[in-house]
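Student: My questions all concern the structure below.
The values are calculated or read from the model by the stated rules, or taken from the named source; none is laboratory data. Just so it is clear, the structure is predicted and the values come from calculations on it, not from any experiment. Here the Cβ positions follow ideal geometry from the backbone for every residue, glycine too, while neighbour counts run over all protein chains shown.
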């Protein structure tokens, strides 16, 4: 499926992925291709399926990890809510079926830390959009990032936008030696798993901090009702 077809199927699904970010996700998944029984793409945080549709439309097998507990849906919806989670799950399944990609998606209904044993083998593309609190965000980058094969890609949503996600990146990728920073599309950051030497990789990421500060300021103004949206993604 072309990106245009994938976006046509996904754009009306509730979510925060922009068209430009979806194009980057689709390109990363399309580069993998169909892989038989090998797990190619893992998504942490699926919500109602917008990004899952984009990834699966590229032809790869996608494992979607989301407990659909009604928690971590945004800054005002952190606590679990069973009714909200059930509604999200129903919408997720219906959206995948409507887009015609349900047969290429395996859903693991669990928190990401509990799902590690559910996905054997290496991962080619990892999309991280799970809980935006520091501890779980860092754990996803470390534990799931460690499953990505050499040369594979990791894409992180709300990078340089969410305070906790940015702190998790600072603790793992900025000064680490395993992830080369490719760049970003809005708040979607892309990394390639490879050995990194020298200070250039850290410098490229640190140059995003003024944009991060701008995003935090915009969010503060919106919360204080001194500015209207949109929320920076």
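Student: Inside the stretch 1-25, can you point out the residues that are closer than 17 Å to residue 62 by Cβ, in contact (Cβ under 8 Å) with a residue 60 or more places away in the chain and under 12 Å from the mean Cα position of the chain (by Cα)?
Tutor: Listed by number, the residues that qualify are 17, 21, 24, 25.
Student: To continue, here is another question. Mind telling me which of the residues 9, 56 ends up being crowded, with 24+ Cβ neighbours inside 10 Å, in contact with a helix residue (DSSP H, G or I) (Cβ under 7 Å, 6 or more places away or on another chain) and at pLDDT 90 or above?
Tutor: Matching residue, one of 9, 56: 56.
Student: Only residues that are in contact with a strand residue (DSSP E or B) (Cβ under 9 Å, 6 or more places away or on another chain) and modelled with pLDDT of 95 or more: list them for the stretch 90-108, please.
Tutor: Going residue by residue through the stretch 90-108, those that are in contact with a strand residue (DSSP E or B) (Cβ under 9 Å, 6 or more places away or on another chain) are 92-93, 96, 101, 104-108.
Hits for the stretch 90-108 are 92, 93, 96, 101, 105, 106, 107, 108.
Student: Quick test of your reading of the structure: residue 81 fulfils all but one of (1) within 24 Å of residue 186 (Cα to Cα); (2) modelled with pLDDT under 95. Name the failing condition by number.
Tutor: The failed condition is (1).
Student: Do you know which of the residues in the stretch 94-121 that are exposed (fewer than 15 other Cβ atoms within 10 Å of the Cβ) and in contact (Cβ under 8 Å) with a residue 60 or more places away in the chain is nearest to residue 65 (Cα to Cα)?
Tutor: 120
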